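Student: Quick one: this structure, given as structure tokens, is what I'll be asking you about.
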């Protein structure tokens, strides 16, 4: 909850990245403290909120967890429009996950 007399900041945060990189796992750990070994893929996008009370302000995060499947890529701009920050999640063992499928045709 907000502390009395504390300013309140609302910030839109978006998670972006390929399917299976752990976007939903990160946001579920942050918001609910949960982790599931077999997380179902996100369809379109999922919305979460989290409030952090800091000494100088209370921050309310509106978190958009976007789907990583190729068929949902055209929807991504709608979700990240107006975002204050984004987190790009990628698989460090996959060049394709980091650079995209067009980079790595060997």
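Rule-based calculations on the coordinates, nothing more; no lab input. Quantities reported herein were computed from a predicted structural model and do not represent experimental measurements. In this analysis, Cβ positions are derived from the backbone assuming ideal geometry, glycine residues included, and neighbour counts consider all displayed protein chains.
Student: For a quick check: sort 14, 31, 59, 88 by the number of other beta carbons within 10 angstrom, fewest at the front.
Tutor: On the way: 14 22, 31 15, 59 19, 88 12.
Ordered from fewest to most neighbouring Cβ atoms within 10 Å, 14, 31, 59, 88 come out as 88, 31, 59, 14.
Student: Can you put 74, 86 in order, fewest other beta carbons within 10 Å first?
Tutor: Fewest-to-most ranking of 74, 86: 74, 86.
Student: In what order do 81, 29 fall by count of nearby beta-carbon atoms within 10 Å, going from fewest to most?
Tutor: Arranged by neighbour count, lowest to highest, 81, 29 become 81, 29.
Student: Here's another thing I want to ask about it. Would any residue of the range 26-50 have its amide N under 14 Å from a label point 7 Å out along Cα→Cβ of residue 76? List them or say none.
Tutor: In the range 26-50, the label zone of residue 76 (backbone N under 14 Å from the point 7 Å along Cα→Cβ) covers 44-45.
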